[in-house]
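**Student:** Take this structure, written in structure tokens, and hold onto it; I'll ask about it next.
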Amino acid sequence: MTETAKNRMQKTEDIRMDIREELIQKAKEIGVKVSPAQAEQFQTYLALLLEKNEVVNLTAITDPHEAVVKHFVDSLTLLKAVEIKKGAKLIDVGTGAGFPGLPVKIMRPDIELTLLDSLNKRLVFLQEVCAAISVEAVFLHKRAEEAGRDVKLREKFDVATARAVANMNTLAEYCIPLIKMKGIFAAMKGPGLEEEMALAKRAVSVLGCKVVKTAPFTLPDDERSERNIAVMQKIAFTPKTYPRHGGTITKKPLFLEKPQG
């Protein structure tokens with residue numbers, strides 16, 4: 001058997017792998033109860049993700065066991081960090097392959113989910129997943145800064161979240177304009193959040209939020225996988241100046257400066 005044939009066979013086995021019991025157990029370890037019906041939805045989600053990833057770049061994580069922890073369980077930590085009210089409007093900014101928004105929606109079908117991404121191919125994939133697992137969502141093909149300036153979207157959401165590598169000053173400018181008064185911005189980050197939040201303190205304040213808390217997590221099976229969720233609440237309207245246009249947000253992060261003292 002050629003190496004190519006072996007790889008193809010392995011990918012087929014990965015797509016078909018049953019992760020339902022593993023997911024139920026791993027989610028339980030962070031205090032989230034996944035029902036058999038919800039586990040079935042996650043099973044279908046993963047199979048479609050691994051299959052579509054062959055033609056569209058959706059994830060670098062292709063091992064099913066790793067995906068259970070680093071995609072699904074990681075997304076579900078949001079439910080432990082934030083108390084999301086019934087029927088809340090939640091927007092996942094730069095959703096990519098649907099994380100964390102779609103796993104949260106599977107667990108909380110009462111929320112109104114909006115998945116925002118600048119690449120339409122990702123949204124086409126997510127539409128396919130939602131149809132397959134009978135989940136409703138709104139799909140927005142926009143850049144985050146465009147959404148933040150859109151009067152139909154600006155300050156209309158109860159919760160905005162993002163799971164991204166961008167610094168907090170950048171994420172804040174993308175997300176905070178989208179949340180309504182007393183709404184929540186939950187930024188899902190890796191290690192080193194304390195220093196990052198210190199650098200972003202002024203930006204978060206100017207954009208209209210206060211920091212409520214930071215919630216640390218360690219993912220199952222990996223003590224080195226430090227995760228942190230920064231939770232901020234909207235206490236003032238975001239100035240109309242923000243978000244800024246084009247690449248300015250990433251090229252010149254808002255008030256990215258060393259704290260004094």
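**Student:** Among what's in the stretch 229-261 and is at pLDDT 95 or above and in contact with a Pro (Cβ under 7 Å, 6 or more places away or on another chain), pick the residue that is most open to solvent (accessible area, probe 1.4 Å).
**Tutor:** This residue is Tyr242.
**Student:** If I ask for residues that are of a type in the set (A, V, I, L, M), farther than 12 Å from Val231 by Cα and surrounded by fewer than 24 Cβ atoms within 10 Å (Cβ to Cβ), which ones from the stretch 159-193 would you list?
**Tutor:** Ala164, Val165, Ala166, Met181
**Student:** Pick from Val68, Val34, Val56: which is within 13 Å of Asp221 (Cβ to Cβ), open to solvent by less than 30 Å² (accessible area, probe 1.4 Å) and not polar (S, T, N, Q)?
**Tutor:** Val68
**Student:** Hey, another quick one. What are the residue pairs meeting all of these: first residue in the stretch 75-93, first residue touching a residue at least 40 places away in the same chain (Cβ under 8 Å) and within 23 Å of Glu173 (Cα to Cα), second residue open to solvent by 80 Å² or more (accessible area, probe 1.4 Å) and not aliphatic (A, V, I, L, M), Cβ atoms under 9 Å, and 6 or more apart or on different chains?
**Tutor:** Listed pairs, sorted by first residue: Ala81/Lys213; Ala88/Glu112; Lys89/Glu112; Lys89/Lys156; Leu90/Glu112; Ile91/Lys156.
**Student:** When the stretch 153-178 is examined, which residues are found to be β-branched (Val, Ile, Thr), in contact (Cβ under 8 Å) with a residue 60 or more places away in the chain and in contact with a strand residue (DSSP E or B) (Cβ under 9 Å, 6 or more places away or on another chain)?
**Tutor:** Matches in the stretch 153-178: Val159, Thr161, Ile176.
**Student:** Also: Would you pick out the residues in the stretch 194-228 that are of a type in the set (A, V, I, L, M) and open to solvent by less than 30 Å² (accessible area, probe 1.4 Å)?
**Tutor:** Met197, Ala200, Ala203, Val204, Leu207, Ala215, Leu219
**Student:** Follow-up question, since we're still on this one. If you check Ala67 against the conditions, is it among the small types (Gly, Ala, Ser), in a helix (DSSP H, G or I) and modelled with pLDDT of 95 or more?
**Tutor:** In short, yes.
**Student:** Among (1) at pLDDT 95 or above; (2) open to solvent by 30 Å² or more (accessible area, probe 1.4 Å), there is one condition Thr62 misses while meeting the rest; what is its number?
**Tutor:** Failed condition: (1).
**Student:** Every residue in the stretch 71-97 that is open to solvent by less than 10 Å² (accessible area, probe 1.4 Å), of a type outside the set (A, V, I, L, M, F, W, C) and part of a loop (DSSP other than H, G, I, E, B), please.
**Tutor:** Scanning the stretch 71-97 gives a single hit, Thr95.
The values are calculated or read from the model by the stated rules, or taken from the named source; none is laboratory data. Keep in mind the model is a prediction, meaning the values are calculated, not measured. Please note: Cβ atoms are built from the backbone with ideal geometry, for glycine as well, and neighbour counts cover all protein chains shown. Keep in mind that these areas ignore ligands, DNA and RNA; they rest on the heavy atoms of the full protein, side chains included. Shrake-Rupley method; radii C 1.70, N 1.55, O 1.52, S 1.80 Å.
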